[in-house]
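First up is the structure itself, then whatever we jot down about it.
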């Protein structure tokens, strides 16, 4: 799985990068199904956390969350992402 983190309009410190990596561990069980994952963090009035995930079978999912705190935005985004990945895994299992 290719994994990329981008920060727009602010500098992402190492502790925030480590926090994201720790949260991504929750979806490592789907790692063999994911081609790439791109996480974009933007700072405007609040923090926006976006994730794009591309699966081996050509399906892409996009998740976006925002909050005034970076860690809360990341947490919300990871929760949604985990739910969508689980749902996609179930769809694939049903088609087999």
In whole angstrom, largest first, the equivalent ellipsoid semi-axes that the Cα gyration tensor gives for the stretch 1-93 are 23, 13, 12
Pull up the DSSP beta bridges for the chain and report the antiparallel fraction as a percent, rounded to 5. 70
Would you mind calculating the relative contact order of the chain from Cα pairs under 8 angstrom and at least 6 residues apart, reporting the percent as a whole number? 24
So how tilted is helix 14-24 from the main axis of the chain? Cα-based, degrees 0 to 90, rounded to 10. 20
Using alpha carbons only, how many degrees (0 to 90, rounded to 10) separate the axis of helix 70-95 from the longest principal axis of the chain? 10
Work out the FRET efficiency for residue 84 and residue 40 from their Cβ-Cβ distance, taking R0 = 22 Å, and round it to the nearest 0.05. 0.85
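Any read-out appearing in this document is the output of simple, stated calculations on the displayed coordinates, not a laboratory observation. Quick caveat: nothing in here was measured; it's all calculated off a predicted structure. Cβ atoms come from the backbone with ideal geometry, glycine included; neighbour counts cover every protein chain shown.
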